[in-house]
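Below: one structure, written as structure tokens.
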Amino acid sequence: MPTVTETHQAIDAVWRIESARVIAGLARIVRDVGRAEELAQDALVAALEQWPEQGVPQNPGAWLMTTAKRRAIDHVRREQVLARKVQELGHEIETGGASPEPDIDAALDDDIGDDVLRLVFTACHPVLSTEARVALTLRMLGGLSTKEIARAFLVGESTIQQRIVRAKRTLADAKVPFEVPAANERAGRLASVLEVIYLIFNEGYSATAGDDWMRPTLCAEAMRLGRVLAGLTPKDAEVHGLVALLEIQASRAKARTDAQGEPILLLEQNRARWDHMLIRRGLAALQRAEELSDTRGPYTLQAALAACHARAKTAEETDWARIAALYAELADLMPSPIVELNRAVALSMAFGPEVGLQLADMLVDEPSLKSYHLLPTVRGDLLAKLGRFEEARTQFERAASLTANARERTLLLERAESCARGEAPAR
């Protein structure tokens, strides 16, 4: 007989896997994602109460779904809506005998993929703020607790809770339908979904604040959500492009820090430590994206950029000229000072630091980059390569003052010290 701790661990694992499916199935019944999430939580509480005594069911996901659906039926009865469906579902449950799950699943879950897809589009609806979309997505589709989301983003638990509550209220007040949008709306709405998954991954890959360089839980959740979305929308090129980008970026995770957790920059990483299975998966997803469309979207282009690094066996073999060309293509598609800054780095690697510095210097007065620590970081790197160490030191110190990540600040100050000694800092 498993211990209570082992049972709770099993419940947590089942919830992570099944929560999106359960909430999505319930939302189709009650037509309210907030209410659906509450009913799913009720089923989770029931599992926490019953499983330690009765044992984990043979099919724990079906147990959660059945328990939650019974609560959904009670809710529908109380609200006196969906009367016909209540009668049908009630009959299934009341006459199904000791093993009602198959009958219930046949009645309600004949298209579970569409249910999850509806939940994806609802949680990432543009009527919500970006912060609300991220929190709601992690809660409903990632199965993370409020405490886990708060810890991942280094904000108070009450702040996350308020975001989630307000998000559910906003969806209800706006009467956002629980549905996959019509074809003429889908592209814009899908862009919101992809943005949320991308933001979740980026916050995990390069934490904007705190003591840790990475937050692997967020990276893993973003990749899982991306894979789920790719399975639900297999013909969309940009979905596969995003999956490719995340897989290839994540492949470097083990090589990005040393034994003490200190950052190791891309060109200094031991590429033998890169996860080559993730690289293969990412390259396959990139190929799929490029086969599905004659034109590359922003995520597919970024995946192609990441692939240039993944295909290079050593830093010296990196095709920087191709990377610079891809950044130029990306800049044409979605003009951005940050894209231009990345292009400056690529140009410096392909054609020399003077070329890169010319472009980077043109961005100094860009208002959106005034507090962006990577602009002085890049300028410091290029100035150091040109032997202009005093100017480089000033740039590294400015960058250190702008970042909120403790490990990154330490790294930048170390580079400033190297310049103060008249030495070129590590790349």
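Details
- Based on Cα contacts under 8 Å between residues 6+ apart, the chain shows a relative contact order of 10 percent.
- You can think of it this way: the chain between S368 and D319 has 14.7 nm of extra reach, that is 0.36 nm per residue less the Cα-Cα gap.
- Stretchable slack from D361 to R151, in nm (0.36 nm times residue separation minus alpha-carbon distance): 71.9 nm
- Full extension of the chain between K175 and Q162 yields a length gain of 2.7 nm, computed as 0.36 nm times the residue separation minus the alpha carbon distance.
- Taking Cα atoms only, the orientation of helix 60-79 departs from the longest principal axis of the chain by about 70 degrees.
- In the chain, helical runs assigned H by DSSP with n ≥ 4 each contribute -39500 (n - 2.57); averaged across all residues and rounded to the nearest 500, the mean residue ellipticity at 222 nm is -23000 deg cm²/dmol.
- The alpha carbons of segment 319-427 stretch over 40, 27, 23 Å along the principal axes, in descending order.
- Electrostatic dipole magnitude of the chain [Cβ: Lys, Arg +1; Asp, Glu -1; Cα centre; debye, to 20]: 320 debye
- Rounded, prolate or oblate (a/c below 1.5 giving rounded, otherwise prolate when a/b exceeds b/c) for segment 112-207 by Cα gyration tensor: prolate
- Modelled label positions at N184 and E423, each set 7 Å beyond Cα in the direction of Cβ, lie 6.5 nm from each other.
- Sequence-separation-based contact order of segment 112-207, relative, with Cα cut under 8 Å and 6+ spacing, percent: 39 percent
- Among G142, V116, I164 the positive-end extreme of the charge dipole of segment 112-207 (Cβ point charges): I164
- Longest to shortest principal axis, alpha-carbon extents of the chain, angstrom: 82, 49, 39
- On Cα atoms only, tilt of 83-95 relative to the major axis of the chain in degrees: 70 degrees
- Approximating the spin labels as points 7 Å out from Cα along Cα→Cβ, the S401-to-V127 distance works out to 4.5 nm.
- Helix 320-333 and the longest principal axis of the C-alpha atoms of the chain enclose an angle of approximately 60°.
- Within the same chain, lysines fewer than 8 places from K168 are excluded, and of the rest, those with a Cα less than 28 Å from its Cα are K69, K85, K147.
- Sites D114 and S293 - FRET efficiency at Förster radius 25 Å, r taken between beta-carbons, to 0.05: 0.60
- Computed FRET value (nearest 0.05) for M334 with Q54, which takes r as the C-beta separation and R₀ as 56 Å: 0.55
Throughout, read-outs are computed from the coordinates displayed, never taken from laboratory work. From a predicted model like this one, the values you see are computed outputs, not experimental measurements. Please note: Cβ atoms are built from the backbone with ideal geometry, for glycine as well, and neighbour counts cover all protein chains shown.
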